4 protein chains.
Amino acid sequence: MPGNSFGQLLRYTSWGESHGPAIGCVVDGVPPKLPLTEADIQHWLDRRRPGTSRFTSQRREPDTVRILSGVFEGVTTGAPISLQIENVDQRSRDYSDIKDRFRPGHADFAYDAKYGVRDYRGGGRASARETAMRVAAGAIARKVLQAGIGKSLTVRGAMVRMGPHEIDRGRWDWKVVEKNPFWCPDAVSAKDWEGKLDEARKAGSSLGAVVEVVATGVPPGLGEPVYDKLDAALAHALMGINAVKGVEIGDGFAGSALPGEEAHDEMRMKGGKVTFLSNRAGGTLGGISTGQDIVARIAVKPTSSLLIPRKGVTTDGKEVDVVTKGRHDPCVGIRAVPVAEAMMALVLADHWLRFKAQCG
Amino acid sequence: MPGNSFGQLLRYTSWGESHGPAIGCVVDGVPPKLPLTEADIQHWLDRRRPGTSRFTSQRREPDTVRILSGVFEGVTTGAPISLQIENVDQRSRDYSDIKDRFRPGHADFAYDAKYGVRDYRGGGRASARETAMRVAAGAIARKVLQAGIGKSLTVRGAMVRMGPHEIDRGRWDWKVVEKNPFWCPDAVSAKDWEGKLDEARKAGSSLGAVVEVVATGVPPGLGEPVYDKLDAALAHALMGINAVKGVEIGDGFAGSALPGEEAHDEMRMKGGKVTFLSNRAGGTLGGISTGQDIVARIAVKPTSSLLIPRKGVTTDGKEVDVVTKGRHDPCVGIRAVPVAEAMMALVLADHWLRFKAQCG
Amino acid sequence: MPGNSFGQLLRYTSWGESHGPAIGCVVDGVPPKLPLTEADIQHWLDRRRPGTSRFTSQRREPDTVRILSGVFEGVTTGAPISLQIENVDQRSRDYSDIKDRFRPGHADFAYDAKYGVRDYRGGGRASARETAMRVAAGAIARKVLQAGIGKSLTVRGAMVRMGPHEIDRGRWDWKVVEKNPFWCPDAVSAKDWEGKLDEARKAGSSLGAVVEVVATGVPPGLGEPVYDKLDAALAHALMGINAVKGVEIGDGFAGSALPGEEAHDEMRMKGGKVTFLSNRAGGTLGGISTGQDIVARIAVKPTSSLLIPRKGVTTDGKEVDVVTKGRHDPCVGIRAVPVAEAMMALVLADHWLRFKAQCG
Amino acid sequence: MPGNSFGQLLRYTSWGESHGPAIGCVVDGVPPKLPLTEADIQHWLDRRRPGTSRFTSQRREPDTVRILSGVFEGVTTGAPISLQIENVDQRSRDYSDIKDRFRPGHADFAYDAKYGVRDYRGGGRASARETAMRVAAGAIARKVLQAGIGKSLTVRGAMVRMGPHEIDRGRWDWKVVEKNPFWCPDAVSAKDWEGKLDEARKAGSSLGAVVEVVATGVPPGLGEPVYDKLDAALAHALMGINAVKGVEIGDGFAGSALPGEEAHDEMRMKGGKVTFLSNRAGGTLGGISTGQDIVARIAVKPTSSLLIPRKGVTTDGKEVDVVTKGRHDPCVGIRAVPVAEAMMALVLADHWLRFKAQCG
């Protein structure tokens, strides 16, 4: 299958370019009779929307989603759900100067090498604009999970490092996450990051990030052995987000430095149930969920669009200095938070349906 | 599709349990007329085989592969290739004491939660024994790549950290890799690690590892945009290896801490061709190969089987101390090297065929 | 994968209900740099459009297609192509009386049994309106085939039986096909069918049909052995068209009544090339194309919507007589012709890409 | 995916050539805890086995199946089940004369055109020998269906026409089917066919057949709308059987000749349930099962291997008369019966799991 679809049983396909007339996706395999409205999806899109603080792109997109199929009289029918968002604030003129050049860190060169043609306007298909559809599809995945597993299931993300600046995990508070423009769970860091990001932005630079996503209330048994382990499915989903270059489950790289006797989660009985004394594995054993929280972290590289000149080349082979004006996120990690949440929700919902098929 | 298959166009399906009569796989989609013998595959299997040094499991498996179909008069026919390895040294008695207990860090609990039944002998389907088939399939993937792309294509792995002990990358020498039991590219570290691993082994402990895999000679254009980026496909493949809990492409987590102007690979012209001045991205842009080396790193957790007692529970809810005798790798990272190479080869071969289909 | 997608490498997903705001599809995997305009697609849609003669539904749909993505400056970019058609003439009031009843021959009962909910307006997702997207996607498939294989490739359909009335194959003339409202290749039968269908329509009855589709210029080698034989892929594609209940390749059922010595296509050399002395197999051997014409036939059942009362039941279990007024095709076989052509083009294009991947 | 796999959630992949060391398959996605023994599978294989009467190939194959994985202590574990049958009676010498020639009606020419290489021994991968694995996998599908749906579910086949000789459907008796070498449900025809087939065999000719397969006890709701209708899935499965060139569901081609008011199944209430007054649709509406019997028919072309000389060519372009000695079935339709049953069971089991995933 070509690369614009995701999932097996909850299967969605996205389409659209940054500066085309619209972007959209089709979500297929949704169980019938789930209540679903445009507002249910809009809620999550609004969290990701550009232009909401000075720390994200100033592109003004209302990102108003329309449901074009698959929902009738307020509930899903089991037919494919088509979602669509018009591109309103396209301002193509911002991008005309990139038509003939390969920008460092951008997909320009690779797309040209692969396809021999490329929609250069705003990054075309490679633009992070596409991630709006992931958030929209993720909203449906949440509905599937809550209908199937229960309201106790949550999927939440937070930015735990901006550039080199780590949070203090001792101050972690999920309530803080919604109250700052960074989705930062540590109020002190959030305050501090404002100055740090302003500084980078004014210097024409950008910062990377580490984002952590956590799902609670996931029942044991999700994940397929061997090649589609839950870890592997999450890695696939999360590494596919624009600018992501690393994925960890549980203790990840740090865990690989521990001696064996400290690296695994011991078990005791509690109220007649198996409980784990720690969660170093991030909620899976042998690639299958254990009932613990699913914990993943991603590394997001700094935004490639910079005011600081970088060495690039033109499509006809001239060396140039590239300065990208336009409107860009100084830290794309911020908007990666709702996207990463959505991808985790999509993976869990897909694996929930797979579980039901074989073991339900 | 269930989880025991990998790849789309070069598609393989593995089967078998640690202590069943045999393990095997079927590799489908192989182009016709490629010369292929059992020796071609055996070469790579021998590198992964247990029992070759005191640092890997003492299970004695000749791991002799048989080709049962898809090859005729020394060449592939385009029909599915069935590979099979008999399990010779099964020694089931070693494992009878784990029948009724969930061992910390092992898949026991999760498999039981998912399936309600489990082949407990030697880890059953969750055993690392299955990875022999990945190496075998990977040998075929190498043939596909070399026939399609050329002999200059290589996929090589090395262990770059054992437990907390990093190599000195300044001493990196690929020739050293084949000359020590750790696939370590730094001769000094390799020497040092012997003592470190002996110590851990004697203490009944184990060590984790970081493994790096590098492909050279990969043409630009491999990788599907959006959801099947080459990065995402590699993350899927590598995170699916037993005990792996982290994957990085290029600079990965470290790269996300850099300021934007240092994080991306600048370009110049050289001999009329676009060249990159660094390889922080690990060989991809927008998820598509650029012609640079593909570089990935994985975090492998320490072996779960330990002589040091750890807290586990029995299947009927009693708390127990678990000590795993049997024969185990004190550092599973060692055998992860040829497996990770194989998975990268499989990803590249699959994406090569996908490239040919759409853009060839 | 859920059931609203078709194809593996040329993969399309359709969405939309008969009386929703729009219908659409996403076509993924299209090779880059193919010239493609909305007019290219509209050409084929116009052939299928309802309301063009008294022999098809009087629903007035302009069926104007829009390309929303995947095409830039007149050529395909390799990104997914989103196509959309607004539903203009919905007239929902025609269908309000079917809300609470299961009509014989319609999907009402089965959808209700499966999903417990159903968009009853005009058949919802089960409506033949969906087939407009197959024709649109088929137009892209033709482009793929012509770019890859050559302009000599054609895929054409004709109605060879209406109800019980067979054509005289001795009078077959492809030029006649475009000149009558039945896509009938026999001018005499076409004339005769007018009266026959008027009669059925006036009686409130309907007629079935047999449609034949023929592809010329298909190179040898298309089709996957064993489970995805070209025959099997065509059967899948054609049996999935609304109201189709039978598929034959080549001589089909009639061929199975012949003695072995008459049933197979003998071969001779002609101009240094293997040629076949007949085409009883319909262009395949062992499920793989031979270079001969690909010939398939489908049986289309008569329209289920009738003015003659038929016995149905209501959703709450009352027995009723069902009379369907609305606007319907007295012979859905007519509109099945362009749809069947499109499906054959989609199968061939998909298998062409699959051929390129493994054997190209 | 390449063409040697079948099904989505109950997914199996077959491998092996007619004269290789063995044939086999891997069945993945099987629910856990189903009792399964080799005898359960052998039972169905024995029905298909060659050499059981003078009307099937005299190749002597015990076709003894081994389960190599996925079953532990008598029950399925959810892991892939590997099945294998050794090729015992290979007698390669019978086939050496076909090495250099393309036989009419056989796959030789097409395989050569596609792959440029071919295992010519006994038809290689294109041999009907492969269908043994379909029967074996089908035996597992039956277990899945009976565990999920109930013991009342049956899938049975019968030969309803041999060459041009139709049965009298008024004499249909399922008990007769097991008592004659043709799986004929009409005792009078069965008797008559003996002479007819002896005659054909002695003349060096062969006969085709029509086989009917019927599933009872199938619940409503199976089948995916639009592209994976149950009809389409059955057509795909059945048309993929060697030598099959036509598939009908329900009334099929004959039904398309009826006027609308006779062609659809009317409904009444009976004991508070919707019942159908006929089964012209063959058990589906809109591609989804209705609870009625699923009825499919296939056209099997006459065996291609004949003693009567037919015109063929050699691989180096010489015209030759081809006479195929070897050991062949004079009517491959006979052995198509258990194979068609197996394919229907596989389709139903796969769609049962798909139903559970989305609507369960």
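The values are calculated or read from the model by the stated rules, or taken from the named source; none is laboratory data. These numbers come from a predicted model, not from an experiment. No Cβ is skipped: glycine too gets one built from the backbone with ideal geometry, and neighbour counts run over all protein chains shown. The accessibility values were calculated without ligands, DNA or RNA, using every heavy atom of the protein model including side chains. Shrake-Rupley method; radii C 1.70, N 1.55, O 1.52, S 1.80 Å.
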Quick check: net charge around A:Leu258, other residues with Cβ under 10 Å of its Cβ, Lys/Arg +1 and Asp/Glu -1?
-1
At 4 °C and 1.567 mPa s, what whole-number value in µm²/s does Stokes-Einstein give for the translational diffusion of the stretch A:223-314, with Rh from the Kirkwood sum over Cα pairs?
84
Per the stretch C:131-246, sqrt(5λ) over the Cα gyration tensor eigenvalues, sorted largest first, in Å, gives 29, 18, 14
In whole Å, what are the extents of the stretch A:256-360 along the principal axes defined by its C-alpha atoms, from largest to smallest?
69, 38, 24
Based on Cα positions only, what radius of gyration and what Dmax would you give for the stretch B:188-229, in angstroms?
18.7, 49
So what's the angle, to the nearest 10 degrees on a 0 to 90 scale, between helix A:38-48 and the longest Cα principal axis of chain A?
60
Row for the stretch C:73-186, column shape: gyration tensor on C-alpha, a ≥ b ≥ c, rounded if a/c < 1.5 i.e. under 1.5, prolate if a/b over b/c, else oblate; value oblate
How much of the accessible area of the protein assembly as shown, probe 1.4 Å, is carbon plus sulfur, in whole percent?
51
Shielding by other protein chains, D:279-290, mean Cβ within 10 Å:
6
Work through the residues other than B:Ala141 whose Cβ is under 13 Å from its Cβ and net out their charges, Lys, Arg +1 and Asp, Glu -1.
0
Taking all pairs of distinct alpha-carbon atoms in the stretch B:1-149, Kirkwood radius in angstrom
16.5
Between the stretch A:85-163 and the stretch B:126-171, the Cα center-to-center distance that results, in Å:
32
Bin width 10 Å, origin at 0, all Cα-Cα pairs of the stretch D:108-174: what percent of pairs per bin?
15, 23, 27, 25, 9, 0
Counting only protein heavy atoms and rolling a 1.4 Å probe, how much accessible area do D and C lose on contact, total for both sides, in Å² to 100?
8400
For chain A, modelled as a Gaussian network with Cα springs under 10 Å, which listed residue fluctuates most, A:Ala209, A:Ala237, A:Ala79?
A:Ala79
May I ask for the equivalent-ellipsoid semi-axes of the stretch A:309-360, computed as the square root of five times each C-alpha gyration tensor eigenvalue and listed largest first in whole Å?
44, 16, 6
To the nearest 10 degrees, how steep is helix B:131-148 against the longest Cα principal axis of chain B, on a 0 to 90 scale?
10
Put simply, what bits of the stretch C:259-276 lose 40 Å² or more of accessible area when the other protein chains are there, versus the chain on its own (1.4 Å probe)?
C:Gly260, C:Glu261, C:His264, C:Glu266, C:Met267, C:Arg268, C:Met269, C:Val274
Using only the alpha carbons, work out the radius of gyration and Dmax of the protein assembly as shown in angstrom.
31.2, 96
Measuring from a point 7 Å out along Cα→Cβ, what nm distances, shortest first, does C:Arg169 have to its partners in the other copies?
2.5, 7.1, 7.5
Shape metrics for the stretch D:1-86, restricted to C-alpha atoms - Rg then Dmax, Å
14.2, 41
Of D:Val347, D:Val155, D:Val322, which has the largest mean-square fluctuation in a 10 Å C-alpha GNM of chain D?
D:Val322
Please give me, ordered by residue number, the GluC sites (Glu not before Pro) of the stretch C:133-221 that lie in loop per DSSP and have at most 11 other Cβ atoms within 10 Å.
C:Glu178
So with the 1.4 Å probe, I'd like the accessible area per residue for chain B, rounded to whole Å².
30
Relative to the other copies, what are the label-point distances for C:Asp100, with labels 7 Å from Cα along the C-beta vector, expressed in nm at one decimal and sorted shortest first?
6.3, 7.1, 8.0
Whole-Å semi-axes of chain A's equivalent ellipsoid (Cα gyration tensor)
34, 26, 19
Any chance you could give the angle, 0 to 90 degrees and rounded to 10, that helix D:333-359 forms with the longest Cα principal axis of chain D?
40
Using helices alone, I'd like the mean residue ellipticity at 222 nm for chain B: each DSSP H run of four-plus residues gives -39500 (n - 2.57), total over residue count, nearest 500.
-8500 deg cm²/dmol
Starting at 0 and stepping by 5 Å, how many percent of the alpha carbon pairs of the stretch C:186-260 end up in each bin?
3, 11, 14, 17, 18, 16, 10, 7, 4, 1
Among C:Lys356/D:Lys245; D:Lys196/D:Lys301; A:Lys270/B:Lys245; D:Lys99/D:Lys318; C:Lys301/D:Lys270, the pairs whose Cα-Cα distance exceeds 20 Å are C:Lys356/D:Lys245; A:Lys270/B:Lys245; C:Lys301/D:Lys270
Picking from B:Pro164, B:Pro259, B:Pro80, which is most flexible by a Gaussian network model of chain B using Cα springs under 10 Å?
B:Pro259
Label spacing, shortest first and in nm, from C:Lys151 to its equivalents in the remaining copies (7 angstrom along Cα→Cβ)
4.4, 6.6, 6.9
Mind listing, in residue-number order, the residues in the stretch D:314-360 that have at least 50 Å² less accessible area with every protein chain present than in their own chain alone (1.4 Å probe)?
D:Glu319, D:Lys356, D:Ala357, D:Gln358, D:Cys359
